[in-house]
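Following: one structure in structure tokens, then a few remarks.
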Amino acid sequence: MNNRTMETIRPRSVLSEMKPYSPGKPIWEVQRELGIEKVIKLASNENPLGPSPLAVSAIQSYVSDIHRYPDADTVDLRAAIAKKYDFTADQVLVTNGADELITLISETFLEPGDEIVVPSPTFSEYEFGANLMGARVVEVPLRENYSYEIQDILAAVNEKTKLLYICSPNNPTGTYMKKQDLHQLMDQLPSQVLVIFDGAYSHFVTTDDYCDGLELVRSGYPIIVTQTFSKIYGLAGIRVGYGIAAPAILQHIRQVKEPFNVNALAQVGAAAAILDDAHVEATRSMNAAGREQLYEGLELLGIGFTRSMSNFVLIELGPDAKSIYDQLMRKGIIVRYGAGWNLPLHVRISIGTAEEQNAFLTALREVLDAGSARSI
Ligand SMILES: *Cc1c(COP(=O)(O)O)cnc(C)c1O
């Protein structure tokens, strides 16, 4: 007789310490759970203008060929990316979203006992990758107004440090590392440290003292710049991202990746999107105007926020933040609650269209008014 229970089946021990990723709540879930028809999602930094139209038509034309396996080497897309930013194709690696690249980097470079250094709060996937491999995460708290202090980062680096993550602009704070600081940091790091510069939001930056990391790859530093088609290009649903680095570094990662990691529709869609300057420009200018509109509305409500170089803004709502987040949801507006980043007094809101942001500001005012009425 089979008297075994499923408890005899043991996963790797590191899994017991892993926190699940908590994504922004999808629109359909709020519609289903709360019975609301009109839902506005400002929770996942998606493009409010929708996908690149050039990508949509490229995908549509390709659909009847999906019985074929995709190109395992993503030759056309790598060529398009390399051409756009003036690299060679062997300096580009395409992945199933930048998330996959972070996991692949972790699998390629981390062993139990190794350390990664991450400024904090930041994107949770870095920690996920390290935990998965049994490596230790060393967090470096950002300074006042979530600014980077490179001396703090350098002090956290030791001989066990394998990877240093710099997310700039940083998710969820919207702050960035100044160009001069990034250069200084690169010059002062010990030679065994590989820097992962996450530029997921670099296209939204509107300041001159920013560096998107690419010049550091060109200068031959040990750095991987990670990029995504999920944000400015509006292709989050088809999952495609990439890394730019020295061929010798990417070659290690290629040993770990699945052959067909990037699906065929993602490859043709991304290759079209990267040439869609009109869509990128429209998104960039809408986003910059949207940030100002949001700042103004928040100032009128007397709410604190951190100025952002990205397509989201971190807002401080105080001890009632969770309750305000829940009440906004009941009004059909999804934002991201900060607890996952150890920011229980905050929410992060993605820049939406002017109309979406007005709906958010109106709903927020109603929630705050109702709250102060109750406490009288
Ligand atoms: C959204 C995001 C990514 C990209 O994710 P994809 O897997 O490409 O959708 C990478 N890094 C940060 C910081 C992000 O916020």
Just need a number here: residues in the stretch 197-207 that are touching a helix residue (DSSP H, G or I) at 6+ places or on another chain (Cβ under 7 Å) and either open to solvent by 30 Å² or more (accessible area, probe 1.4 Å) or in a helix (DSSP H, G or I) (or both). 3
Starting from the stretch 184-200, take each residue that is at pLDDT below 95 and list its partners that are within 16 Å of the ligand (Cβ to nearest atom) and part of a loop (DSSP other than H, G, I, E, B), counting only C-beta distances under 9 angstrom and pairs at least six apart or across chains. none
When the stretch 312-324 is examined, which residues are found to be open to solvent by 10 Å² or more (accessible area, probe 1.4 Å) and either within 21 Å of Ala236 (Cα to Cα) or within 21 Å of the chain's Cα centre (by Cα) (or both)? Glu316
For the stretch 112-130, which residues satisfy the criterion of being more than 19 Å from Ile253 (Cβ to Cβ), open to solvent by less than 40 Å² (accessible area, probe 1.4 Å) and more than 15 Å from the ligand (Cβ to nearest atom)? Glu115, Val117
The condition of being more than 16 Å from the ligand (Cβ to nearest atom) and not aliphatic (A, V, I, L, M) holds, among Glu139, Glu149, only for Glu149
Suppose we filter Ala248, Ala278, Ala271, Ala264 for residues that are of a type in the set (Gly, Ala, Ser) and under 21 Å from the mean Cα position of the chain (by Cα); which single one remains? Ala271
Verdict on Glu281 being out of contact with any Phe, Trp or Tyr (no Cβ under 9 Å at 6 or more places or on another chain) and either open to solvent by 40 Å² or more (accessible area, probe 1.4 Å) or not assigned by TED's automatic domain parsing to the domain that holds Val240 (or both): yes
Given the criteria under 18 Å from Ile351 (Cα atoms), at pLDDT 95 or above and surrounded by 21 or more Cβ atoms within 10 Å (Cβ to Cβ), does Leu300 qualify? no
Which one is nearest to the ligand (Cβ to nearest atom) among residues in the stretch 192-207 that are in contact with a Pro (Cβ under 9 Å, 6 or more places away or on another chain) and within 20 Å of Gly241 (Cβ to Cβ)? Ala200
Before we move on, is Tyr69 more than 16 Å from the ligand (Cβ to nearest atom), part of a helix (DSSP H, G or I), open to solvent by 10 Å² or more (accessible area, probe 1.4 Å) and of a type in the set (Ser, Thr, Tyr)? no
Sort out which residues of the stretch 208-265 are open to solvent by 50 Å² or more (accessible area, probe 1.4 Å), within 16 Å of the ligand (Cβ to nearest atom) and assigned to a loop (DSSP other than H, G, I, E, B), and write them in order of number. Asp212, Arg239, Glu258, Asn263
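The values are calculated or read from the model by the stated rules, or taken from the named source; none is laboratory data. The shown structure was predicted, so the numbers you read here are calculated from the model rather than taken from an experiment. Ideal geometry is used to build each Cβ from the backbone, glycine not excepted, and the neighbour counts take in all protein chains shown. With ligands, DNA and RNA removed, areas are computed over all heavy atoms of the protein, side chains included. Shrake-Rupley method; radii C 1.70, N 1.55, O 1.52, S 1.80 Å.
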